[in-house]
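Visitor: First the structure, then my questions, so here it is.
The values are calculated or read from the model by the stated rules, or taken from the named source; none is laboratory data. Since the model is a prediction, treat every value here as computed from it, not as a measurement. We place every Cβ from the backbone using ideal geometry, glycine too, and count neighbours over all the protein chains shown. Note: accessible area is taken over every heavy atom of the protein model, side chains too, but ligands, DNA and RNA are not part of it. Shrake-Rupley method; radii C 1.70, N 1.55, O 1.52, S 1.80 Å.
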Amino acid sequence: MTAPQSAVARYYLTTPIYYVNDKPHIGHAYTTLACDVLARFLRLDGTQVHFLTGTDEHGQKVEKSAAAAGMEPKAFTDKVSQNFRDLAVRMNFTNDDFIRTTESRHYAACQALWTRLMDKGEIYLGAYEGWYAIRDEAYYAESELIDTPTGKKAPTGAEVEWVTEPSYFFRLSTWGDKLLAFYEANPDFIAPRSRRNEVLSFVKSGLQDLSVSRTSFSWGVPVPKGLEGGDDKHIMYVWFDALTNYLSALGYPDENGALYKDFWPPALHMVGKDILRFHAVFWPAFLMAADLPVPGRVFAHGWWTNEGQKISKSLGNVIDPLVLIDTYGLDPVRYFLLREISFGNDGDFSHAQMVKRINTDLANDLGNLAQRVLSMIAKNCGGTVPTPGAFTEADHEMLNAAAALHDSVRASFLEQAFHRGLEAIWDVVVAANRYVDQQAPWTLRKTDFARMETVLYVLAEVVRQLGLIVQPVMPASGEKLLDQVAVAQGARSFADYTSRLVPGTALPAPQGVFPRWVAEAEEGAAS
Ligand code: ME8
């Protein structure tokens, strides 16, 4: 494994921009959460981060949804886009920017990129005849379609329609070999590995030129006028427009602007598995053709099912992230989504598993560790950080295990192995609970008071380090843990990982950080 072991200087990371045809669902919350956790981690680590999310507001799908709502597309997108901003606030996301494809900065970037590709002869005027799926906003070859009792469908199950219209094309067919050479030279560009093979075989099977403009509707970025054969009936294909958002947000075409200079190319595009092809094939091809630097990595995560069932609007089992937060609390939801499944794989959301994670990992393991350590300190050490004596082997082992988390979690998070980072943190939580049991400070209180103080000091220090390291995933809970061990606001970055609690510092009265989840019926029975 080639995991980086030290902090990185700059990191530009992006979520997909979300279609504003509907309200946010768990998929939107999940992708942005993963980015938020990485962004928070890196900022605490001293990295200069630019974290972008936003909304994808053009195309036939959005135009149809606006019509169905009886609204003009712009008014409709203004309204729905706001739901995504609201979600970001409710999920405690720390994106540095929120881009909308209806903004003028985005039009400017799309038109500049288009013109550049046109000037380089990479785009030409022709006519498209073939299949199109509005739900996917994607073209499909006849050979990709599946026969169903209700007619031909896209491989995703989306309805397809036959389209015949004048269209500009991007010369994608000439980029296959260059893409394959690029994947070969950059083995970490597509992650996880299993998905990389999928992309490779798609490219190896031969690429067709890509239709990049539409004329049969008008809700999109206009193709620049005055081009050879150009006419203002053409609007850009929504994926050409959408992918360009990553450039628009850095002020492109101003390549001398500070944001562009500092952050292009992106370190990471986080996407769902269904939109990998657009990011790992079309996007690097557009950029290479435009002679612009290509992103470092595209990570495709898996999909959630709900209690074992595929999530779909028709089944009525769409998971609303706001309902999850209201039911279980924000930090537990953030924790669960990244802990429950190996990031990259598909996984199942279930109420039972959610409750299990809350009660076991959070309340019993981490919550209880903090609670018992801090209440022993409150009772026996006058509510101040105890003064340690010489450390034993076991103390060093405990402290070293906690200290090692900084590098190991960074390495996991930089590979988007969020589950692995959390597992490592919980290994330390479990080790700390074992250390408490083995050292038995309640016995030492009677037999060797000074040794008890040393043990409680070690544990308070472990709680401090755990508080620091859980902040990216559970910001409010991390903060509460750090409050409990009286860590100053200015001492909560990872530069403080190697500092130590100062003996004699007064601690606040201990308070539970992770309540158990109790079903309402049980709550009623208990009272
Ligand atoms: O694709 N579990 O927008 P979108 C996990 N506008 N993730 C899921 C999911 C599930 N059950 N269902 C959907 C678009 N997703 C384009 C992107 S980027 C230049 C343009 C994920 O609103 C899905 O994989 O359809 C995708 O990443 C996102 O949610 C939905 O994006």
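Visitor: Being farther than 24 Å from His58 by Cβ and among the hydroxyl-bearing types (Ser, Thr, Tyr) is the filter here; which residues of the stretch 125-149 pass it?
Guide: Result: Ser143, Thr148.
Visitor: Another question, if that's okay. Given the options Asp437, Asp407, name the one that is more than 20 Å from Ala267 (Cβ to Cβ) and out of contact with any strand residue (DSSP E or B) (no Cβ under 6 Å at 6 or more places or on another chain).
Guide: Asp437
Visitor: While we're here: Residues that are more than 13 Å from the ligand (Cβ to nearest atom): find the helices (runs of 4 or more DSSP H) completely inside the stretch 230-276 holding 1 or more of those. Break it down into steps so the answer makes sense when it comes.
Guide: On the way: elements: 238-243, 245-248, 258-263.
Passing ranges, in order: 258-263.
Visitor: Tell me which residues, restricted to the stretch 286-326, are assigned to a helix (DSSP H, G or I) and open to solvent by 30 Å² or more (accessible area, probe 1.4 Å).
Guide: Met288, Leu322, Val323, Asp326, listed by residue number.
Visitor: Collect the residues in the stretch 327-356 that are open to solvent by 50 Å² or more (accessible area, probe 1.4 Å), part of a helix (DSSP H, G or I) and touching a Phe, Trp or Tyr at 6+ places or on another chain (Cβ under 8 Å), keeping them in residue-number order.
Guide: Once the filter is applied, which keeps residues that are open to solvent by 50 Å² or more (accessible area, probe 1.4 Å), part of a helix (DSSP H, G or I) and touching a Phe, Trp or Tyr at 6+ places or on another chain (Cβ under 8 Å), the stretch 327-356 yields only Gln353.
Visitor: Here is a further query. Restricting to the stretch 273-282, name every residue that is over 18 Å from Pro187 (Cβ atoms) and buried (at least 17 other Cβ atoms within 10 Å of the Cβ).
Guide: Step one: list which residues in the stretch 273-282 are over 18 Å from Pro187 (Cβ atoms), which gives 273-275, 277-278, 282.
Selection gives Lys273, Ile275, Arg277, Phe278, Phe282.
Visitor: Still on this structure: Taking Lys225, is it open to solvent by 10 Å² or more (accessible area, probe 1.4 Å) and within 11 Å of the ligand (Cβ to nearest atom)? Steps first, answer last, please.
Guide: Values: open to solvent by 10 Å² or more (accessible area, probe 1.4 Å): yes; within 11 Å of the ligand (Cβ to nearest atom): no.
Here the answer is no, as Lys225 does not meet what is asked.
Visitor: Can you name the strands (runs of 3 or more DSSP E) wholly within the stretch 1-118 that have at least 2 residues being of a type outside the set (D, E, K, R), surrounded by 22 or more Cβ atoms within 10 Å (Cβ to Cβ) and within 12 Å of the ligand (Cβ to nearest atom)?
Guide: In the stretch 1-118, 10-19, 48-56 are the strands (runs of 3 or more DSSP E) which contain 2 or more residues that are of a type outside the set (D, E, K, R), surrounded by 22 or more Cβ atoms within 10 Å (Cβ to Cβ) and within 12 Å of the ligand (Cβ to nearest atom).
Visitor: From the list Val428, Val513, Val487, pick out the single residue that is over 30 Å from Val298 (Cβ atoms), open to solvent by less than 20 Å² (accessible area, probe 1.4 Å) and assigned to a helix (DSSP H, G or I).
Guide: Values: Val513 fails: assigned to a helix (DSSP H, G or I); Val487 fails: assigned to a helix (DSSP H, G or I).
After applying the criteria, what remains is Val428.
Visitor: Which condition number does Glu423 fail, the rest of (1) on the phi < 0 side of the Ramachandran plot; (2) of a type outside the set (Val, Ile, Thr); (3) open to solvent by less than 10 Å² (accessible area, probe 1.4 Å) being met?
Guide: (3)
Visitor: Residue check, Tyr139 against (1) assigned to a helix (DSSP H, G or I); (2) more than 14 Å from the ligand (Cβ to nearest atom); (3) of a type in the set (Ser, Thr, Tyr), all met but one. Which one?
Guide: With (1) assigned to a helix (DSSP H, G or I); (2) more than 14 Å from the ligand (Cβ to nearest atom); (3) of a type in the set (Ser, Thr, Tyr) applied to Tyr139, the lone miss is (1).
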